[in-house]
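*Asks:* My questions all concern the structure below.
The values are calculated or read from the model by the stated rules, or taken from the named source; none is laboratory data. For clarity, every value in this text was computed on a predicted model and none was experimentally measured. Every residue, glycine as well, gets a Cβ built from its backbone with ideal geometry; the counts of neighbours run over all protein chains shown. To get the accessible areas, we keep the full protein, side chains included, count just its heavy atoms, and leave off ligands, DNA and RNA. Shrake-Rupley method; radii C 1.70, N 1.55, O 1.52, S 1.80 Å.
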Amino acid sequence: MELTHIAKTVMEKRYLRMKEDGTRETPDEMLRRVARVIAAVEEKYGASKKEIRAVEERFYQLMDRQDFMPNSPTFTGAGTALGQLSACFVLPVGDSLPEIYETMKQAALIHQTGGGTGFAFSRLRPAGDVVRSSQGVASGPVSFLRVYNASTEAIKQGGTRRGANMGILRVDHPDILQFIESKADITQITNFNISVAITDAFMEALEKGTEYELINPRNGEVTGKLSAKLVWDKLVENAWKTGEPGIVFIDRINRRNPNNHVEVIEATNPCGEQPLPPYGSCNLGSINLANFVKNPYTDRAEVDWERLGEVARTATRFLDNVIDANKYPLPQIAEKALRDRRIGLGIMGWAEMLVQMGLPYDSEEAVALGNRVMTFIKQKALEESMALAEVRGPYPEWEGSQWHKAGLKVRNATLTTVAPTGTISLFAARPDLPCSGGIEPKFALVFTRNQAGALMLDVDGQFASIARREGWYSDELMQQVADRGTARGVSGVPEKWQRIFATSHDITPEWHVRMQAAFQGGDGLPVDQQPVDAAVSKTINFPHHATVEDVGKSYALAWQLGLKGITVYRDGSRASQVLTTGDKT
Ligand code: UDP
């Protein structure tokens, strides 16, 4: 493994474990530990010692070559007393005090293990509604959202990071307007992302310009009506102001869930890429696409399909094993995980693959390739899941699923997810070949990093090595790129590279949304052909001067192109940004 300085620091701080002799394990020993624990599962399915060793070596190679990384909790949890390996959980919130506080306790336990939690507050009766036992009035979903937030504040996740949450409310809940405004003050509810669950009925009312009904979840009674346009405009305006709330198209999510014969999804994990049913969980892992280009930076550049296929299959086996190696934080979660065997194989380093292929992110070719790569990975994951089902059996809930109906006997209810890979993309990055998170474009080529108050200049490894190789590198030029926040329009950078090195702010919101759609796949695809079974983590970046209407257009396009959800961020709309491009600091 060839790690960057940042990766080493992060690993040392949070990932490398103390060994029995009191010294800290090395990064290599960490990979060995993870490979050993995940391969050991094979014994359960009749593998010999020799076969287990061979699988262990394959798993180790996946990570050592930086071809694939499992989600953070698998690194921090494998072979430890806690032993919790999944990143994503969704818990139900019932409409009674004991249920509300029981779930809050459960979330605290999950946060301790490094997992993130999502909740729908949609079942809670609205503020001001009757409470029979106390003869009082209910305080409503938003007040409990605040209580959960305070609880999270008190607990550090996995010892070092704070818990991450997603709070969701259905658009037909009577408290929806209050919910939409709940994070207008950005100093509030900071441990939650919030999203509105948009129904088909709402979208129909929006298209027709009519009102839609608000329903009290306690008794199913219609309590009033709101103009769909009014609610939509408020949503968009708040997203423009602060980036929140995001939206998820909840009926679409359920329609396209391969496992929708046994469950109803009402929420997602914190970053939105994993819609899950109550007590659902998922372990994720991502392939570093930067490693799969033959003849990079030449006219003959092409995807190394053969090696990508092999890695996708081994990674699928790895993730299926994680389900058995996992120690679950609650019995309800263990039961559900073992009945559905959800996994989320995804990708990272997409931006770096594109540069090697010579394709700008904002091009038809790039969008087409994104769809092709993800569909291919899904196909390989499916092949492996079917092979596993032959030996280990299909997942227990398989009968009646969309897979079953399509004649596909699979081991896992869902196979693919595009996660943000916030930390593991650092582990996959090498000094001369970085790895951007998920399907995000490069944020900047030369940027200033605000590290403990000091501003440091950092040049993208791929950009720097091309510039050096071609002889146009100079500190002055890099400073110019930093000042502009992009290579486009900087005359010292060859025109070809100005175009290919597209950064998030060069790319219009429409291209961001189209790329997300290419990976997600639209409505109506057969279950084996939808590239992503779960969802895609993506931030649609807007320049500071973007208008409310611009944000509205992206939300509408998200619906048209079949996205399961959308999250936007307008530059400078929140006080503290970790990363800033040169001209903003
Ligand atoms: N997550 C979390 N806390 C964090 C970061 C991530 O709970 O600080 C969870 C959350 O469910 C998120 C998922 O992990 O959606 C995947 O995030 P990411 O891919 O960034 O995690 P990594 O494996 O890179 O740490």
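*Asks:* Quick check: is even one residue across region 516-533 part of a helix (DSSP H, G or I), free of Cβ contacts under 8 Å to residues at least 40 places away in the same chain and open to solvent by 10 Å² or more (accessible area, probe 1.4 Å)? Don't jump to the end; show me each part of the working.
*Replies:* Step one: list which residues in region 516-533 are part of a helix (DSSP H, G or I), which gives 516-520.
Subsequent filtering for residues that are free of Cβ contacts under 8 Å to residues at least 40 places away in the same chain retains none.
Looking through region 516-533, none of the residues is part of a helix (DSSP H, G or I), free of Cβ contacts under 8 Å to residues at least 40 places away in the same chain and open to solvent by 10 Å² or more (accessible area, probe 1.4 Å).
*Asks:* Kindly provide the set of residues from region 3-36 that are in contact with an Asp or Glu (Cβ under 9 Å, 6 or more places away or on another chain), exposed (fewer than 12 other Cβ atoms within 10 Å of the Cβ) and part of a loop (DSSP other than H, G, I, E, B), ordered by number.
*Replies:* Those that are in contact with an Asp or Glu (Cβ under 9 Å, 6 or more places away or on another chain), exposed (fewer than 12 other Cβ atoms within 10 Å of the Cβ) and part of a loop (DSSP other than H, G, I, E, B): none in region 3-36.
*Asks:* Of the numbered conditions (1) surrounded by fewer than 17 Cβ atoms within 10 Å (Cβ to Cβ); (2) closer than 24 Å to Thr268 by Cα, Ala197 satisfies every one except a single condition; which is it?
*Replies:* Single failed check for Ala197: (1).
*Asks:* Follow-up question, since we're still on this one. How many residues are β-branched (Val, Ile, Thr) and either away from the ligand (no atom under 16 Å from the Cβ) or in contact with a His (Cβ under 7 Å, 6 or more places away or on another chain) (or both) if we restrict to region 231-286? Walk me through it before giving the result.
*Replies:* Residues of region 231-286 that are β-branched (Val, Ile, Thr), as a first pass: 231, 236, 242, 247-248, 250, 253, 262, 264-265, 268.
Add one more test, that the residue is either away from the ligand (no atom under 16 Å from the Cβ) or in contact with a His (Cβ under 7 Å, 6 or more places away or on another chain) (or both), and what stays is 231, 236, 242, 247, 250, 262, 264.
Result for region 231-286: 7.
*Asks:* Can I ask one more? Checking the condition more than 21 Å from Leu284 (Cβ to Cβ), away from the ligand (no atom under 16 Å from the Cβ), in contact (Cβ under 8 Å) with a residue 60 or more places away in the chain and not charged (D, E, K, R), which residue from Ala381, Ala366 passes? So that I can check it myself, show each step before the final result.
*Replies:* Working: Ala381 fails: more than 21 Å from Leu284 (Cβ to Cβ).
The conditions single out Ala366.
*Asks:* Just name the residue that is nearest to Ile250 (Cα to Cα) out of those in region 165-209 that are in contact (Cβ under 8 Å) with a residue 60 or more places away in the chain and assigned to a helix (DSSP H, G or I).
*Replies:* Per the stated criteria, the residue is Met203.
*Asks:* Now for a separate question. Taking region 413-439 only, how many residues are away from the ligand (no atom under 16 Å from the Cβ) and over 21 Å from Gly116 (Cα atoms)?
*Replies:* Filtering region 413-439 for residues away from the ligand (no atom under 16 Å from the Cβ) gives 413, 415, 430-433.
Restricting the remaining residues to those that are over 21 Å from Gly116 (Cα atoms) gives 430-433.
Qualifying residue count for the region: 4.
*Asks:* Among Ala428, Ala413, which is the only one that is under 22 Å from the mean Cα position of the chain (by Cα), small (Gly, Ala, Ser), more than 30 Å from Glu2 (Cα to Cα) and not assigned by TED's automatic domain parsing to the domain that holds Ser465? Outline the logic, then answer.
*Replies:* Values: Ala428 fails: more than 30 Å from Glu2 (Cα to Cα).
Just a single option satisfies the conditions, and that option is Ala413.
*Asks:* Here's another thing I want to ask about it. Given (1) more than 16 Å from the ligand (Cβ to nearest atom); (2) of a type outside the set (Asp, Glu); (3) open to solvent by 50 Å² or more (accessible area, probe 1.4 Å); (4) touching a residue at least 24 places away in the same chain (Cβ under 8 Å), identify the lone condition not met by Arg162.
*Replies:* Going through the list (1) more than 16 Å from the ligand (Cβ to nearest atom); (2) of a type outside the set (Asp, Glu); (3) open to solvent by 50 Å² or more (accessible area, probe 1.4 Å); (4) touching a residue at least 24 places away in the same chain (Cβ under 8 Å), Arg162 breaks only (1).
*Asks:* Tell me, which helices (runs of 4 or more DSSP H) lie completely within region 37-143 with 1 or more residues that are under 23 Å from Gln274 (Cα atoms) and more than 16 Å from the ligand (Cβ to nearest atom)?
*Replies:* On the way: elements: 49-64, 72-77, 97-112.
Once the helices (runs of 4 or more DSSP H) in region 37-143 are filtered for at least 1 residues that are under 23 Å from Gln274 (Cα atoms) and more than 16 Å from the ligand (Cβ to nearest atom), what remains is 97-112.
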